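Asks: Please read through the structure below; I'll follow up with questions.
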Amino acid sequence: MDQFLAFTVVGLSTAAIYAVIGSGLVLTHTTAGVFNFAHGAAGMLAAFSYWQLAVGWSWPVPLALATVLLVLAPAFGLFVERVLMRPVRALGEAERLVMTVALLTGCIALARWVWDPDTARPLSPFFADRAAFRLGPAALTWHQAVTMAVAVAVAAALWCLLHRTRAGTEMRASVDDRALAGLTGADPLRAGRLAWVLGIQLAAVGGILIAPAVALDAQQLSLLIVSAYTAAVFGRLRNLPLTFLGAVVVGLLEAYLAGYLPQSDYLPGLRLAAPALLLLLALLAFPHRRLRGRDRRLVRVPLPTVRGSLVFAASVLVLALVLVTVVSEESLVTYGTIFPLGIIALSFVPLAGFAGQISLCQLSIAGIAAVVWGHLGAHGELWALPVAVVVAAAVGAVVAVPALRLSGVYLALGTAAFAVVLDRWIFTLPAFEVLGVRIALFDQGSVAVTGPDLFGAHLTSPTELLLLSALFLALASLAVAALRRGRLGRRLIALRDSEAAYATLGGRLLGAKVTVFALSAAVAGLGGVLYGMQLQTVTAEQFNLVAGLPVFLIAVIGGLGAVGTGLFAGIALVVPAQLFAELGPWAHDLSAMLIALAGMGLAGSPAGVVPRLHEAWARLARDRTLLPVLVAVLAAGWALAALDVAEAGPALVAVVAVALLLNARAATRRLPEPDVPVEWWGVRRPWRPEDGEVLDRATAAC
């Protein structure tokens with residue numbers, strides 16, 4: 001009984017922190033209509049800032065707290081609302097979700113850049129020098145008492161704000177109907193600013209309170225928000241009392257698992273994954289109209305031509321040949337990951353671009369396939385490759401089942417929870433047997449991955465593996481392009497546009513979702529196998545949720561509907577990181593910060609960068625005079641670099657400069673217009689203002 005009371009006190013104090021953080025999530029979602037994935041990252045930055053002021057610079061604790069909570073946190077909230085969220089308010093829920101994911105990635109990279117992750121930063125609890133309170137056999141520290149008192153005060157203050165003040169009424173009215181709230185004299189912009197400021201302040205309070213109990217680690221503190229997610233989902237993202245109840249359930253569950261979980265090599269990860277498992281159950285068990293709602297501005301999905309698809313696939317292979325002839329053998333190990341990561345990013349195109357299903361666990365599924373290949377294909381057995389892909393597809397099909405009840409941000413939450421469960425528990429399991437079959441994942445360590453045996457040759461060198469990966473990326477791109485042109489692709493786009501209409505017209509939601517999830521997981525699994533081959537050794541950390549967020553962001557930035565997004569993502573993920581690595585250790589996290597900044601600029605190009613690049617270079621591609629000149633310049637630059645006549649860097653700069661000049665020249669040249677039938681105006685060529693007048697005259701003449 002004494003032990004039970006002690007764990008109860010610990011659980012309630014932890015629950016108080018989750019309640020404070022979760023209430024900030026509910027406040028932001030209830031008033032601003034945004035689910036903030038970066039909520040925990042804001043608390044993490046507040047904890048680091050508090051440590052810097054109170055410990056690093058020896059400021060008095062009250063002054064440090066006041067600076068963080070009353071100056072830095074409100075300023076950060078205003079920045080998020082004004083610079084990041086206001087421009088994407090009209091884009092829909094999915095785009096706002098991407099913005100908060102980009103903010104999460106950027107905050108983690110910023111913290112790692114400013115504060116060395118290899119340096120320990122202990123933080124003392126509040127009133128650590130005072131004796132604990134005695135509650136019978138249990139002890140309650142001053143820090144725990146302060147935490148519980150703060151949670152109660154936050155609950156009372158938020159209830160009064162939302163239900164007893166004009167500002168709270170404005171905040172709740174603005175999210176229901178901003179235009180109508182404005183007609184009644186409310187100020188939606190002011191309500192949004194207040195919601196973000198208070199939400200970030202609550203995240204900062206939670207981050208500072210929990211920091212003494214955990215290590216000051218950017219990734220760990222940011223992912224503690226999973227427990228607060230669970231509490232907020234208990235409250236259906238709008239009910240504060242139920243949110244506090246959910247926090248109590250999560251806090252006590254963690255404490256009791258820590259105290260009473262049997263000693264076993266298979267169970268320690270269960271305690272860490274318990275909040276994510278509870279989040280999955282809460283998402284599936286609590287029906288609510290917003291769980292099924294869909295608020296998005298649909299973006300046109302480009303239709304690739306057969307000729308264009310073949311040219312793109314050939315371009316992928318040419319790029320691979322350029323790399324193996326220009327780049328050194330040592331650098332090929334790094335640059336070779338362009339193509340496997342591109343395949344993983346390509347898996348988002350049919351899933352999110354065509355079908356509109358958001359998944360944050362694609363890299364985790366790729367990790368499963370890499371492990372399957374590592375064990376079954378330990379000696380290069382080629383039959384293990386399709387087995388690994390099929391296993392990944394089966395995992396994707398399992399993930400598709402909850403997708404029937406979830407959409408939008410809730411589907412993203414569910415897949416993120418699935419990735420956390422894999423990372424914290426499944427990937428940490430030692431080998432075990434099921435029906436006499438031995439199953440091993442990472443086996444609490446790393447897994448060696450080798451290349452395949454192909455036509456009697458064992459592919460092990462970086463050059464061979466790079467060419468193999470490029471070939472698979474080209475084939476996968478062709479397959480996705482064919483999917484877009486086919487009947488299934490049209491069905492998936494119809495599913496994205498309206499699930500209700502799709503079902504009404506006879507479509508099978510279960511079949512369509514299982515198919516697209518399995519297909520995208522198979523593509524991700526193929527990329528995971530090739531990624532493992534390039535790295536030669538894989539660990540669980542390389543496939544966790546945080547590692548997968550930049551891949552998702554780059555896929556969104558490139559354009560989820562564009563087949564070229566795979567290659568674009570691979571280049572964007574690898575090349576900047578490699579270039580920054582040459583600057584020194586201080587630039588290690590700059591590439592992640594740039595990816596986050598690019599994601600934050602989504603409002604300027606919701607359709608993605610790849611379609612804009614295609615549009616910008618389309619005239620040069622059709623110019624029969626300038627295009628051969630460009631090809632000749634590219635071939636000359638390649639030859640000079642391959643023969644060591646010129647350095648690769650200057651040759652690349654010269655080729656890019658000439659290409660830009662040729663493209664600018666093509667934009668000013670007047671090309672003969674192709675003869676496009678009238679029924680294809682606006683499809684095969686852009687719609688022009690005078691087209692309407694031409695059609696009116698033709699109709700009148702008839």
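Asks: Within the range 83-90, is even one residue assigned to a helix (DSSP H, G or I) and more than 18 Å from the chain's Cα centre (by Cα)?
Replies: The answer is yes; a qualifying residue exists.
Asks: Moving on to the next point. Please verify whether the range 617-636 includes one or more residues that are in a helix (DSSP H, G or I) and charged (D, E, K, R).
Replies: Among the residues of the range 617-636, at least one is in a helix (DSSP H, G or I) and charged (D, E, K, R), which makes the answer yes.
Asks: So, one more: So which residues in the range 353-373 are open to solvent by 10 Å² or more (accessible area, probe 1.4 Å) and over 14 Å from Val556 (Cβ atoms), if there are any at all?
Replies: Leu363, Ile368, Val372
Asks: From Gly456, Gly451, Gly445, Gly506, which residue is open to solvent by less than 20 Å² (accessible area, probe 1.4 Å) and not hydrophobic (A, V, I, L, M, F, W, C)?
Replies: Testing whether each residue is open to solvent by less than 20 Å² (accessible area, probe 1.4 Å) and not hydrophobic (A, V, I, L, M, F, W, C) leaves just Gly451.
Asks: So, one more: Test of understanding: among Arg485, Arg491, which residue is in contact (Cβ under 8 Å) with a residue 24 or more places away in the chain, open to solvent by 50 Å² or more (accessible area, probe 1.4 Å) and either among the polar types (S, T, N, Q) or under 17 Å from Thr515 (Cα atoms) (or both)?
Replies: Only one candidate qualifies: Arg485.
Asks: What is the residue count in the range 499-521 for residues that are free of Cβ contacts under 8 Å to residues at least 24 places away in the same chain and not aliphatic (A, V, I, L, M)?
Replies: Adding up the residues that qualify gives 6.
Asks: Being open to solvent by less than 40 Å² (accessible area, probe 1.4 Å), in contact with a strand residue (DSSP E or B) (Cβ under 8 Å, 6 or more places away or on another chain) and under 27 Å from Ala231 (Cβ atoms) is the requirement here; does Ala155 meet it?
Replies: In short, no.
Asks: Across the range 8-39, which residue is farthest from the chain's Cα centre (by Cα) among those that are surrounded by fewer than 24 Cβ atoms within 10 Å (Cβ to Cβ) and aliphatic (A, V, I, L, M)?
Replies: The qualifying residue farthest from the chain's Cα centre (by Cα) is Val9.
Asks: Now a separate question. Filter the range 577-613 down to residues that are modelled with pLDDT under 80 and among the charged types (D, E, K, R), then give me how many there are.
Replies: 2
Asks: Open to solvent by 50 Å² or more (accessible area, probe 1.4 Å), modelled with pLDDT under 80, outside any helix (DSSP H, G or I) and over 27 Å from Leu303 (Cβ atoms) - does that describe any residue in the range 679-702?
Replies: Within the range 679-702, one or more residues are open to solvent by 50 Å² or more (accessible area, probe 1.4 Å), modelled with pLDDT under 80, outside any helix (DSSP H, G or I) and over 27 Å from Leu303 (Cβ atoms).
Asks: If we scan the range 475-488, do we find a residue that is part of a loop (DSSP other than H, G, I, E, B) and among the polar types (S, T, N, Q)?
Replies: The answer is no; no qualifying residue exists.
Asks: Here's something else I'd like to know. Which numbered condition in (1) surrounded by fewer than 23 Cβ atoms within 10 Å (Cβ to Cβ); (2) of a type outside the set (Val, Ile, Thr); (3) touching a Cys at 6+ places or on another chain (Cβ under 9 Å) is the only one that Leu45 fails?
Replies: (1)
Asks: With the checklist (1) open to solvent by 20 Å² or more (accessible area, probe 1.4 Å); (2) over 29 Å from Ile493 (Cα atoms) in hand, flag the one item Leu573 doesn't pass.
Replies: The failed condition is (2).
Quick grid of which residues meet (1) over 26 Å from Trp617 (Cα atoms); (2) open to solvent by less than 30 Å² (accessible area, probe 1.4 Å); (3) among the β-branched types (Val, Ile, Thr):
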| site | (1), (2), (3) |
| --- | --- |
| Gly308 | no, no, no |
| Val322 | no, no, yes |
| Leu332 | yes, yes, no |
| Ala345 | no, yes, no |
| Leu351 | yes, yes, no |
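Asks: Only one residue in Leu78, Leu110, Leu162 is open to solvent by less than 30 Å² (accessible area, probe 1.4 Å) and under 33 Å from the mean Cα position of the chain (by Cα). Which one?
Replies: Leu162
Asks: Can you give me the number of residues within the range 375-390 that are of a type outside the set (Asp, Glu), in contact (Cβ under 8 Å) with a residue 12 or more places away in the chain and open to solvent by 10 Å² or more (accessible area, probe 1.4 Å)?
Replies: Total meeting the criteria: 9.
Asks: Next question. Take the conditions modelled with pLDDT of 80 or more and not charged (D, E, K, R) and apply them to Val175. Does it pass?
Replies: No: the conditions fail for Val175.
Asks: Taking the range 523-544 on its own, how many of its residues are open to solvent by 20 Å² or more (accessible area, probe 1.4 Å) and under 12 Å from Val389 (Cβ atoms)?
Replies: Of the residues in the range 523-544, 2 are open to solvent by 20 Å² or more (accessible area, probe 1.4 Å) and under 12 Å from Val389 (Cβ atoms).
Asks: Which residues, counting only those in the range 216-258, are charged (D, E, K, R), closer than 28 Å to Tyr50 by Cα and outside any helix (DSSP H, G or I)?
Replies: Asp217
Asks: Sticking with this one: Would the range 427-434 turn up any residue that is touching a Leu at 6+ places or on another chain (Cβ under 9 Å) and assigned to a helix (DSSP H, G or I)?
Replies: yes
The values are calculated or read from the model by the stated rules, or taken from the named source; none is laboratory data. Here the structure is a predicted model, which is why all the values come from computation and not from measurement. When we count neighbours, we look across all protein chains shown, and the Cβ atoms used for this are built from the backbone with ideal geometry, even at glycine. What goes into the accessible areas is simple: the full protein's heavy atoms, side chains included, and nothing from ligands, DNA or RNA. Shrake-Rupley method; radii C 1.70, N 1.55, O 1.52, S 1.80 Å.
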